[in-house]
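The values are calculated or read from the model by the stated rules, or taken from the named source; none is laboratory data. Note that the structure is a prediction, hence the values are computed from the model and not measured. Quick reminder, even Gly has a Cβ in these numbers, built from the backbone with ideal geometry, and neighbours come from all protein chains shown. Keep in mind that these areas ignore ligands, DNA and RNA; they rest on the heavy atoms of the full protein, side chains included. Shrake-Rupley method; radii C 1.70, N 1.55, O 1.52, S 1.80 Å.
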Amino acid sequence: MRAAAVVVVVAGLWGCGDDGPTGPQPLVPDPAVVVGCAPGPVAGTRAKVVACAEELIPGRLAAGRVGDVVLENAHLRAIVRGAGEGYYLHGSAGGGIVDLARVGGEDLVKEVFPLVDLAGGGSEELVIVEAGDDGPAEVVVRGPAVGLDLVRAALGREPPPVTLEHRIRLRADAQELELETRVYAKAGDGADHELYDALFFGGRAPSFVPGRGFAVGAGPAELVATAGTTTSYALAYPAGTPDPQLIDIANIRLALGPSLDDKGIRRWLIVGDGSIASVTERAWTLRGRALGVVAGTTSPGVDVTFVDGTGPVTVARADASGAFRAAVPPGSYSLRATAVGRAAGPDATVLVAEGAEVAASVRAGPSGTLAIAVRDDANAPVPARVLIEPAGGGGARIEWVGASGAAQLAVPPGTWRVSVSRGVEYDAFVAAAVVVADGQTATVAATLPRVVDTAGWISLDTHLHSELSTDSTFPVDDRLRAVAAEGVEVPVSSDHDVVVDYHPIIAELGLGAHLTTFVGTETSSLFWGHINAFPLVVDGARNAGGGPRWFGRSPGQVFAAMHATPGALVQVNHPRNGVMSGLFAAIDLDTTTGVARRDPTSLGLPPGTDLSDLSFDAIEVGNGSEAGSFEEVFRDWTRLVAAGHPAAATGSSDSHGPSAFAGEARTYVFVGAGNDDPAIVDPAAILDGIRARHVVVATASFVTAGIVTPSGVSLPGDTVDVTALPQVALRVRVQAAPWQGVARIRIYQGTQEVRAIDLDPDDLAPVRFDADITLPRPTSSTFYVVRVDHAGTGEPVLGRSMPSFTNPLFVRVMPSP
């Protein structure tokens, strides 16, 4: 988000606007609007209020609700957010396009909406002015400009004193929505007003700019297109209008258009069949460009990229017969067929003339197949991660095997190193030299023994991101495939400022025997850090599903808002990750005293705001993406425990993409023998276990420890009275898979290390240590933490590691009479 804000600040300004002689005119609802539940298809075009779920667009990114507005024709369907709060960003209002797909295609839109001076538009009026029975269907959204929390925080920019009017039209035979936006300013305003389109697409809709190809960063764009699965998109302006500037940072896309006034700016949002060529052809046609056609053949399903002297111009997609078609401006083009799992084929050259059609034959490169079968040592199919690398070295490709334990993966012919793994509880499988020939299938049958015994414990990753976050393009279904493949049993949804429910996708993927989930969010202040909350409930009437807002609020106020959901648990994420996303750094927390030393006014908060409100339940001590800050955060946490703070230590990956593996650090919660099956586990038992600190954090090993008493062994988080004992015995068990070396055990008493035991890093047995460690009885109440340091980086499963450790083992010593 910070990078995007910087780019926006330096974006160029266009020419002046004009107030115009008249203000906004009354909006009159069309009495011909169809009412009631009447699902399509439709022969012409129409706009109506959604009256039943059958009128909505389905899909993993679907955000439409009964009460929103649907525009549809025989080619496309669009859902416009109804009046009230907007969908995706805090501070936004209704009127954005929250779902958009070709009829029968996949919805890849989170939200598309206009901005004026980076402010959204209100939805005080949202009117269907044309039903579509006698012309184009049309919806008008009008209201005063409203500030978006991210913009207000990043740029200190408040909304301009203007009224924003946005019209969305759909003609009966159109492949596009026509968008028209205008502003009504106060007399004498005299300011330039910038028009932006916020383009929040999903991870499977990457940006493509003719001449630049798959573009990121910032730069001019004749049009902004996307690829897709079965739906693709393009934003285009009429000829004679200055080209927009595309700003694409991570998953934040803004198209900066010309200056805006009450005469309005018109453009099109085009919907294609999943190929880039389907939307670039329509955009060029609408812009009046001369075109010629290339009709060719290649291998089925491959993409054919058209390249001229400026760079990639468009990409066609071959159908099941290998036929492809693209309309392009006249000129000479090199054509190359590409697909995942194919070697590069030879280029073909075509010369395209205006109005003419030319044939082309483009030979795709060779391809073979890896047939992967994965089972555990009980011969049951299991999800797993598959890492495919050239045997001689080179870039790795990551794939996942689902609940079936089987996958067919296309790869170029060659010799491949194939590594199959399932997280910290399993041994890994490596086939060092798998030969795949063109057109042939090579089988890899992997058995993954479960070598680490975690009976009674269930594993969570409490910090994960997907395409629903503003800084990730990882499709949400792949996010869950990846989690299951790592053996994590409870993924907690924690996309930035959006409440996301994984349950329907887990069911769709058939992963219910391997995964359950908590609904949550990561409240992501730009001033004072990132905070998780779970479990929450999605509220479809609120911004971002009802995630707590942080702008203008202190951390303590956000903690209270999170705890307002019954049973919700609050976790501080990466607390030392800089002053913008790490709470402890932002408030300059002295973790020995629990006192925040930062002036609250420097965080945009009123003087006297209490920054020492530490009403959270957990601290993310192990963060897979912030391994470098582990020692500092571990020290912070032990100091807070010593000061009496009740927070549990947790571990998570903070994964934003496939190469940051889910569960790199994970949280194990004790729920009792026989209760640790994700298909039947009681969610309340997990939450109670975290609050009781019946938790260990595992990265590359699994360590359990407790105080030995005459009645048994305690759990982390429990308190044992040792007043009458001559010494304290800690029963410690360390387990690790053969791919991970273990270097030493460290025992902490309070904040100080009091014992270290070196282990053999070459020992490959599953149990590396299982014995009692005897310590002198302390003279006063205290706690112990058992920590395990590793040797090596855990290839091929991890690639880096942090220590594993327990939560505190408390002992009570009564004072002498």
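Checking Ser659 against (1) open to solvent by 10 Å² or more (accessible area, probe 1.4 Å); (2) over 27 Å from Ala791 (Cβ atoms); (3) among the small types (Gly, Ala, Ser), only one condition comes out false. Which one? Looking at each condition in turn, Ser659 falls short on (2). Within the stretch 128-155, residues that are open to solvent by 10 Å² or more (accessible area, probe 1.4 Å) reach partners that are modelled with pLDDT under 95 and acidic (Asp, Glu) with beta carbons closer than 6 Å, at six or more positions or on different chains, in the pairs Gly147/Glu158. Can you go through Asp497, Asp453, Asp501, Asp471 and tell me which one is surrounded by fewer than 19 Cβ atoms within 10 Å (Cβ to Cβ), in contact with a His (Cβ under 9 Å, 6 or more places away or on another chain) and touching a residue at least 24 places away in the same chain (Cβ under 8 Å)? Being surrounded by fewer than 19 Cβ atoms within 10 Å (Cβ to Cβ), in contact with a His (Cβ under 9 Å, 6 or more places away or on another chain) and touching a residue at least 24 places away in the same chain (Cβ under 8 Å) holds for just one of Asp497, Asp453, Asp501, Asp471, which is Asp471. The combined condition, being surrounded by fewer than 18 Cβ atoms within 10 Å (Cβ to Cβ) and closer than 30 Å to Arg289 by Cβ, is fulfilled by Gly217.
The number of residues in the stretch 259-298 that are touching a strand residue (DSSP E or B) at 6+ places or on another chain (Cβ under 7 Å) and open to solvent by 30 Å² or more (accessible area, probe 1.4 Å) comes to 10. Given the options Thr650, Thr592, Thr638, Thr601, name the one that is among the β-branched types (Val, Ile, Thr), more than 29 Å from Arg746 (Cβ to Cβ) and either outside any loop (DSSP other than H, G, I, E, B) or open to solvent by 20 Å² or more (accessible area, probe 1.4 Å) (or both). Matching residue, one of Thr650, Thr592, Thr638, Thr601: Thr601. With respect to the conditions (1) modelled with pLDDT under 95; (2) more than 22 Å from Phe201 (Cα to Cα), Leu150 lacks only one, and its number is (2). Before we move on, is Val444 of a type in the set (Val, Ile, Thr) and in contact with a helix residue (DSSP H, G or I) (Cβ under 9 Å, 6 or more places away or on another chain)? So Val444 fails the test. There is no residue in the stretch 69-88 that is of a type in the set (A, V, I, L, M, F, W, C), open to solvent by 20 Å² or more (accessible area, probe 1.4 Å) and in a strand (DSSP E or B). Among the candidates Val98, Val151, the residue that is within 22 Å of the chain's Cα centre (by Cα), in a strand (DSSP E or B) and closer than 24 Å to Ser469 by Cα is uniquely Val98. Does the stretch 695-707 contain at least one residue that is aliphatic (A, V, I, L, M) and in contact with a Lys or Arg (Cβ under 6 Å, 6 or more places away or on another chain)? Among the residues of the stretch 695-707, at least one is aliphatic (A, V, I, L, M) and in contact with a Lys or Arg (Cβ under 6 Å, 6 or more places away or on another chain), which makes the answer yes.
Suppose the filter is under 21 Å from Ala700 (Cα atoms), under 40 Å from the mean Cα position of the chain (by Cα), surrounded by 17 or more Cβ atoms within 10 Å (Cβ to Cβ) and at pLDDT 95 or above; does Gly741 pass it? Against the criterion (under 21 Å from Ala700 (Cα atoms), under 40 Å from the mean Cα position of the chain (by Cα), surrounded by 17 or more Cβ atoms within 10 Å (Cβ to Cβ) and at pLDDT 95 or above), Gly741 qualifies.
Between Arg77, Arg60, the distinction of being within 21 Å of Leu199 (Cβ to Cβ) and either hydroxyl-bearing (Ser, Thr, Tyr) or more than 21 Å from the chain's Cα centre (by Cα) (or both) belongs to Arg77 only. When Ala596, Ala627, Ala586, Ala648 are checked against the criterion of being at pLDDT 95 or above and over 20 Å from Phe527 (Cβ atoms), a single residue qualifies: Ala648.
Among the residues of the stretch 383-398, just one is within 13 Å of Ala446 (Cβ to Cβ) and among the charged types (D, E, K, R), namely Arg385. Here Ser781 fits the description: within 14 Å of Gly750 (Cα to Cα) and not acidic (Asp, Glu).
When Arg768, Arg800 are checked against the criterion of being of a type in the set (Lys, Arg) and open to solvent by less than 40 Å² (accessible area, probe 1.4 Å), a single residue qualifies: Arg768. The residues in the stretch 684-719 that are open to solvent by less than 20 Å² (accessible area, probe 1.4 Å), within 17 Å of Gly651 (Cβ to Cβ) and among the polar types (S, T, N, Q) can be counted, and the count is 2. Of all residues in the stretch 564-575, none are open to solvent by less than 10 Å² (accessible area, probe 1.4 Å), within 20 Å of Val498 (Cβ to Cβ) and part of a helix (DSSP H, G or I). For the stretch 179-214, the candidate set comprises residues that are aromatic (Phe, Trp, Tyr) and within 13 Å of Val315 (Cβ to Cβ); within that set, the residue that is least open to solvent (accessible area, probe 1.4 Å) is Phe208. For the stretch 413-441, a residue qualifies if it is of a type outside the set (A, V, I, L, M, F, W, C), open to solvent by less than 30 Å² (accessible area, probe 1.4 Å) and more than 27 Å from the chain's Cα centre (by Cα), and exactly one does: Gly414. For the stretch 27-62, which residues satisfy the criterion of being open to solvent by less than 20 Å² (accessible area, probe 1.4 Å), in contact (Cβ under 8 Å) with a residue 60 or more places away in the chain and either part of a loop (DSSP other than H, G, I, E, B) or among the hydroxyl-bearing types (Ser, Thr, Tyr) (or both)? Thr45, Leu61, listed by residue number.
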